[in-house]
Structures are given as structure tokens and as C-alpha cells.
Amino acid sequence: MSICEIVVASGKGGTGKTFIASNLAYFLAKSNHNVIAIDADVEAPDLLLALGGAKGILWKNEYYGAEVPIIDYKRCMKCWKCIEACRFEALRKGERGPIVDYNSCEGLGVCGLVCPVDAISFKPRRTGLLYAAYSSLDILVITGELDLGGKNSGRLVYELKRKAYDLGKKLDVEYLIVDAAPGIGCPVISSLVGASLLIIVVEPTPQSIKGAQRLLTLAKLLDIRSVLVLNKYDLNPGYLGKAASLLGVPVLGKIRYDEMVVSAYTSMTPILMLAPGSAVSRELKTTFERLMGLLT
Amino acid sequence: MTIIAVSGGKGGTGKTTIAVNISLILSRVRGHKTLLVDLDVDNPCTYTLLGVSLREVVHVKSFKPEIDELKCTLCGECTRYCPTHALVLIADKLLFLSSLCEGCAACLYVCPTSAIKEGRKVIGWIKEAGKGVLDVIVGEAKPGERKTDDVMEETLKYALKKLQPYDYVIIDTPPGTSRGIYEALKASDIIVLVTEPTRLGLADLKRLYSLTRGIGRPIIVTVNKYGLKGGSYRELEDFLSREDLPSVFIPYDNSLLRSYIRGECVIEQQPQAPSAQSLLQLTDKINEIEIKIKKKGLL
Ligand code: SF4
Ligand code: SF4
């Protein structure tokens with residue numbers, strides 16, 4: 001069976017991605033499905049925490065997501081072809097040859113490509129960490145962390161997903177649940193490529209709807225089926241219909257606002273487990289059951 | 001002139017709300033000439049909160065390959081070199097996937113038949129609005145283009161060239177720790193880290209604090225949504241006192257919540273509300289630190 005990858009995203013941060021993703025992963029695991037949860041918000045990872053914290057780390061690796069050029073000044077004949085070729089203005093003329101500005105360098109290797117005398121070699125550069133852990137709820141989580149000022153968070157996300165697919169195949173995993181980064185940028189694009197379904201989490205505010213519209217533009221470009229979850233809908237009930245019609249995407253479910261959601265984080269327990277009988281949990285279950293219906 | 005960056009790793013803690021409100025306080029309440037720079041290029045919201053309309057001033061562009069199908073022999077050389085697989089060979093066609101392209105131009109150099117030419121693509125826009133004493137510069141990424149950090153950096157560069165007339169520059173950053181954000185933090189004099197009193201907020205604050213400390217700017221922690229039930233208050237307060245960090249707490253009152261939901265600014269709608277008052281305190285705290293920095297500079 002092929003793996004079904006569900007991405008939970010929102011154009012704007014703080015609308016409840018991690019809330020939905022953690023409860024969905026828990027819901028699937030509880031219904032005897034084999035799941036891996038991926039935290040693709042590598043600039044503020046917290047999915048593992050929301051699923052109970054790490055019980056045991058499976059593996060942990062440094063991630064070398066960029067390459068930096070090293071100039072061999074003995075070989076360099078100062079033709080400056082590399083400076084001409086670099087699109088990021090990361091090279092400038094120096095006494096003995098080009099000088100690299102490592103802050104601007106994107107590490108894509110064009111300078112090495114054009115150098116006629118092979119004076120440029122490359123050294124991998126660390127951009128973050130990635131690791132897999134079983135959470136204390138026995139859910140397998142693959143997560144990463146981008147270093148400050150790190151580049152190519154999108155590549156780190158690709159790597160997370162690649163690892164998840166490798167592991168998923170070995171373990172016969174049915175579902176990958178991806179908690180995406182906020183926004184529509186590089187890491188979100190990486191999260192979406194190859195996904196089976198996108199769940200867009202919106203809250204009833206103009207800012208959130210605007211973000212969701214931008215995210216949808218991206219999803220359409222990448223041709224990914226999208227559904228909406230209206231979170232905290234009761235904070236502004238009048239906005240519900242407006243949101244749905246503005247976005248023109250099927251509504252999978254709506255979840256009310258409950259302060260218990262915060263306590264659930266404090267105790268590092270998904271609300272479905274902490275308060276299974278609560279109204280929020282009932283709404284979550286209805287939403288996820290509808291999701292299962294959609295997928296089968 | 002003082003540059004203040006409002007930042008935080010986690011999304012939705014209230015960075016924009018705080019950046020916009022302190023900009024309004026500095027400009028409209030206190031009469032300082034203020035520039036608000038919105039670097040949340042994925043979903044810029046400051047201008048909608050302020051109710052101003054923008055004019056486009058710059059198209060941010062990047063390289064893209066222009067493929068000459070007549071010259072292309074489908075040798076696939078470019079697809080082998082493209083670091084992000086933005087060029088793919090399918091049957092008898094070379095496909096270009098703009099969303100994946102990083103604009104490095106490797107394809108241009110490796111094509112043996114010069115079938116790839118220099119092209120440009122728009123990856124975002126820089127926009128401006130003036131509103132009396134408060135001006136706004138906004139960066140906006142084009143959906144589907146992945147070079148959002150470049151749009152951020154270009155917007156920052158553009159703004160840094162225009163600092164001269166201002167007393168204050170407030171930079172609203174997107175959530176995260178990427179390169180564009182790092183550049184913005186380095187360019188500022190004071191960093192306001194926004195968090196919320198939840199377990200996830202605290203975990204994120206700790207991570208961000210350990211990362212930003214190295215930049216060597218004074219930090220003010222702003223705890224938004226203070227009073228939220230079920231929050232991790234003790235751990236948060238322990239952390240703040242252990243690290244001896246100046247902090248301001250913004251209560252989660254109805255005025256703030258209502259303004260947020262409607263897309264308005266509490267300082268304008270309900271200036272007497274406790275949340276609005278604490279935003280004034282935050283501004284005072286910023287001024288205190290400013291004075292300290294100035295004194296140090298004189299010594
Ligand atoms: S292309 Fe090679 S030889 Fe020419 S300046 Fe660059 S490093 Fe030196
Ligand atoms: S410019 Fe670079 S990333 Fe874009 S298609 Fe060419 S080789 Fe690929």
C-alpha cells in the first residue's frame with residue numbers, strides 16, 4: 001500500500017496547525033493505523049512536545065544542507081569568471097583571488113562549475129539538526145531544527161520527508177501527518193510537494209483568511225487537493241460562511257475554541273486523550289472521521 | 001534613530017499585533033516620526049490592520065532560465081546540474097518548474113547548445129504607504145516562489161536606505177529563524193521577543209533566546225495573551241528571572257481579542273483597556289533601554 005501524506009498548514013501562524021496535526025496523528029494511531037508525524041516547522045518545532053515529549057530517540061543527525069566554496073588560491077588565475085557567474089553577489093575580488101561572503105552564498109555550486117582551473121572545491125555546511133523519536137504516546141515523530149540564520153529550510157524539510165518515507169516503507173506506515181511551517185515560503189512548498197491532501201487551518205479573522213488565500217494559490221499551482229478546517233469558529237461565528245465562500249474549498253469540519261486546548265499543551269497531551277468527551281474532542285472526531293471517508 | 005525588531009519563532013503569538021500597536025503609540029500618541037517595516041512576506045498584515053493602501057515601488061526579481069526549444073537537443077545536461085530539480089526531462093520535453101528554481105543559473109552555464117538564456121522572474125514586491133507620521137514599507141512574496149528570504153532581504157535593504165527622516169523604525173518579522181530574519185535582527189538596536197504563556201510558546205522562547213543572545217542586542221520579552229487559562233506560568237516566570245530578562249505582560253482582555261478578530265488596533269479602538277495600557281508600558285520599556293544604550297555609547 002502506498003503511503004498517504006496529509007499536510008496540515010495555514011497561511012498565517014498560530015491558527016492551530018499543531019493542534020490539528022497532533023490530534024489527527026493521535027486519532028489515527030488510536031484507530032490502529034500506522035502513522036508517522038513529521039514536524040516540518042523546523043524554525044519552531046513543537047509537534048513532539050504536543051504528542052507527549054520524547055520517550056526514546058531513534059536517531060539524531062546533524063544536517064548539512066548547504067555547501068560552501070573553498071578557494072584554492074594557488075590554482076586561481078584571477079579570471080573572475082566565478083564572480084560574474086554568481087547570482088547572489090557572494091564573491092568579490094581579493095588580492096589572491098575571489099573572497100567568499102558566506103552570508104550571501106547559497107551554496108549552489110555555480111562558481112565551481114565555471115572555474116576553468118578547478119580552483120574551487122566545496123565543503124558541506126551544517127544548517128540544522130534532524131531526529132526521529134517515539135513520543136511518550138508511542139507515536140513516531142520525525143522532526144528537525146534549523147540553525148539560526150540557517151538556509152534552505154526547504155531542503156531540511158525534503159530530507160525529513162525522505163527519511164519519513166524510508167522509515168515508513170520499512171514499518172508499513174499508512175499515514176504521514178506533516179505539520180507545516182506557517183506561511184507559503186520555501187519550507188511550505190517542500191512540505192506540499194508530493195502530498196495527497198492539504199488541510200488548511202483557518203481561524204475567523206481577516207488576517208487568517210488572507211493567509212489561507214495565499215496558501216491556496218500555492219496549492220493550486222502544485223495541484224494538491226485541499227480542504228478547510230475552521231478552528232475557533234465560535235470566536236466570530238458570522239465569519240464562518242464568509243471564510244468558506246471566500247476560499248471556495250470544501251469545509252472538512254469546524255472546531256470551537258476551548259481554553260482546555262492550552263491546558264492540553266501544558267500537560268503535553270492531545271485534547272482527544274485529555275478530554276475525550278468534551279465538545280472540542282467531539283468536533284475533532286467528526287472532522288477526522290469525515291477525513292477518513294474522503295480518503296477511502 | 002532607533003531600530004526595533006519584533007520577532008519570535010512560533011507563529012501566531014502576536015508579533016504583528018505588537019509591532020503595529022507600538023508603531024501607533026510611537027507615532028500618533030507620542031509624535032515621533034516612525035517607519036514600520038513588514039517583513040512577513042508570506043502574509044503581510046500590518047497594512048490591513050492600519051487600514052492603509054499600498055503602492056508598489058519595486059518588483060523583486062531573480063534569474064530564471066529561458067528555454068529556446070529550437071536549440072534544445074534534450075540532452076538533459078541542465079537537469080543533471082540543477083541543484084533543486086527544477087528542470088526535468090519528460091518524454092520529448094524539457095519542463096521548467098518555477099516553484100523549485102533557486103535562480104542559481106547553473107543551467108545557463110552547463111547547456112552545451114546555449115539553449116538556455118538569461119530570463120527574469122518576479123519573486124515578490126516591495127510596497128509603501130505613508131500615513132502622516134507613520135510610514136509603512138511592506139515586502140510581499142509571490143505565492144509559488146520559494147525565495148521568500150530574498151524578498152525579505154531586499155525589503156530590509158530597501159528600508160535601511162530610507163532611515164534618515166525617522167526617529168523609530170519597527171521591523172515586524174515573520175515567525176522563524178531563517179536567514180532573512182537573522183539579517184533583520186542584526187540590523188536592529190533592540191529585539192522584542194514575543195511569546196505566549198503556553199508550553200509551546202515557552203519552548204520556542206528558550207530556543208530563540210539561546211539563538212539570538214549571540215547577536216548581542218538588548219532583548220525585551222513580551223508575553224502576549226497573559227492570563228490565558230491553563231498556561232505554563234511558573235516555568236515562564238522562572239525562566240525570565242533566571243535569565244534576568246526584562247519583560248512585559250500583555251493581558252488577554254476582550255478589547256484585544258475583539259480588535260484582533262476584527263483586524264483593528266486596540267490602542268486606537270480601546271486605549272483605556274488593560275492590554276492597551278501594557279502596550280504603552282512596553283513602549284516605555286523600549287525607551288528605558290534606549291537611554292541605557294545611549295549612555296553606554298557616551299561612556
Ligand atoms: S573562476 Fe577560478 S580561476 Fe577564475 S577567479 Fe574564480 S576561482 Fe579564480
Ligand atoms: S537557475 Fe538553477 S535552480 Fe533554476 S533551473 Fe537553472 S539550475 Fe535549476
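Among the residues here, residue A:30 does not qualify as outside the structural domain of residue A:152 (by TED's automatic domain parsing), charged (D, E, K, R) and on the phi < 0 side of the Ramachandran plot.
Scan the stretch B:75-93 for residues that are more than 9 Å from ligand 2 (Cβ to nearest atom) and out of contact with any strand residue (DSSP E or B) (no Cβ under 6 Å at 6 or more places or on another chain) and the total you get is 8. With respect to the stated conditions, residue A:113 is within 9 Å of chain B (Cβ to nearest Cβ) and either within 16 Å of ligand 1 (Cβ to nearest atom) or crowded, with 23+ Cβ neighbours inside 10 Å (or both).
When residue A:223 is tested against (1) touching a residue at least 12 places away in the same chain (Cβ under 8 Å); (2) under 20 Å from the mean Cα position of the chain (by Cα), exactly one condition is not met: (1). From the list A:157, A:117, the one residue that fits, being closer than 30 Å to residue B:109 by Cβ and modelled with pLDDT of 95 or more, is A:117. Taken as a whole, the stretch A:72-79 holds no residue that is within 12 Å of chain B (Cβ to nearest Cβ) and within 9 Å of ligand 1 (Cβ to nearest atom).
Of all residues in the stretch B:50-77, those that are without any contact (Cβ under 8 Å) to a residue 12 or more places away in the chain and closer than 13 Å to residue B:96 by Cβ total 0. Per the conditions (1) farther than 23 Å from residue A:207 by Cβ; (2) not in a helix (DSSP H, G or I), the sole criterion not satisfied by residue B:295 is (2). Does residue A:188 meet the test of being away from chain B (no Cβ under 12 Å) and buried (at least 23 other Cβ atoms within 10 Å of the Cβ)? Spelling it out, it is not the case that residue A:188 is away from chain B (no Cβ under 12 Å) and buried (at least 23 other Cβ atoms within 10 Å of the Cβ).
Considering B:56, B:69, the condition of being under 24 Å from residue B:174 (Cβ atoms), surrounded by fewer than 21 Cβ atoms within 10 Å (Cβ to Cβ) and of a type in the set (Asp, Glu) is satisfied by B:56 alone.
Yes or no, residue by residue, for (1) within 11 Å of another protein chain (Cβ to nearest Cβ); (2) on the phi < 0 side of the Ramachandran plot; (3) assigned to a strand (DSSP E or B); (4) not small (Gly, Ala, Ser):
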{"residue": "B:13", "(1), (2), (3), (4)": "yes, yes, no, yes"}
{"residue": "B:17", "(1), (2), (3), (4)": "yes, yes, no, yes"}
{"residue": "B:37", "(1), (2), (3), (4)": "no, yes, yes, yes"}
{"residue": "B:41", "(1), (2), (3), (4)": "yes, yes, no, yes"}
{"residue": "B:56", "(1), (2), (3), (4)": "no, yes, yes, yes"}
{"residue": "B:65", "(1), (2), (3), (4)": "no, yes, yes, yes"}
{"residue": "B:69", "(1), (2), (3), (4)": "no, yes, no, yes"}
{"residue": "B:73", "(1), (2), (3), (4)": "no, yes, no, yes"}
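Taken together, the residues in the stretch A:172-187 that are in a helix (DSSP H, G or I) and under 8 Å from the mean Cα position of the chain (by Cα) amount to 1. Suppose the filter is within 15 Å of ligand 1 (Cβ to nearest atom), more than 10 Å from every other protein chain (Cβ to nearest Cβ) and in contact with an Asp or Glu (Cβ under 8 Å, 6 or more places away or on another chain); does residue A:91 pass it? Yes, satisfied. List pairs: first in the stretch A:192-214 and in the same structural domain as residue A:228 (by TED's automatic domain parsing) and in a helix (DSSP H, G or I), second modelled with pLDDT of 95 or more and of a type in the set (Ser, Thr, Tyr), Cβ under 6 Å, 6+ apart or cross-chain? Every condition considered, no pair remains.
Exactly one residue out of B:199, B:207, B:262 is within 26 Å of residue A:53 (Cβ to Cβ), within 9 Å of chain A (Cβ to nearest Cβ), without any contact (Cβ under 8 Å) to a residue 40 or more places away in the chain and among the charged types (D, E, K, R), and it is B:199.
Residues in the stretch B:81-132 that are buried (at least 19 other Cβ atoms within 10 Å of the Cβ) and within 16 Å of ligand 1 (Cβ to nearest atom): 4 in all.
Looking only at the stretch B:136-181, how many residues end up being among the hydroxyl-bearing types (Ser, Thr, Tyr) and either more than 9 Å from chain A (Cβ to nearest Cβ) or surrounded by fewer than 24 Cβ atoms within 10 Å (Cβ to Cβ) (or both)?
The qualifying residues number 5.
Screening the stretch A:93-120 for residues that are in a loop (DSSP other than H, G, I, E, B) and among the charged types (D, E, K, R) and picking the one that is nearest to ligand 2 (Cβ to nearest atom) gives A:106.
Does residue A:228 qualify as being in a helix (DSSP H, G or I), without any contact (Cβ under 8 Å) to a residue 40 or more places away in the chain and of a type in the set (A, V, I, L, M)? No. Across the stretch A:55-92, the number of residues qualifying as more than 32 Å from the chain's Cα centre (by Cα), surrounded by fewer than 18 Cβ atoms within 10 Å (Cβ to Cβ) and within 16 Å of ligand 2 (Cβ to nearest atom) comes to 1.
The values are calculated or read from the model by the stated rules, or taken from the named source; none is laboratory data. All values reported here derive from a predicted model rather than from experimental measurement. Heads up, the Cβs are rebuilt from the backbone with ideal geometry, glycines too, and the neighbour counts pull from every protein chain shown.
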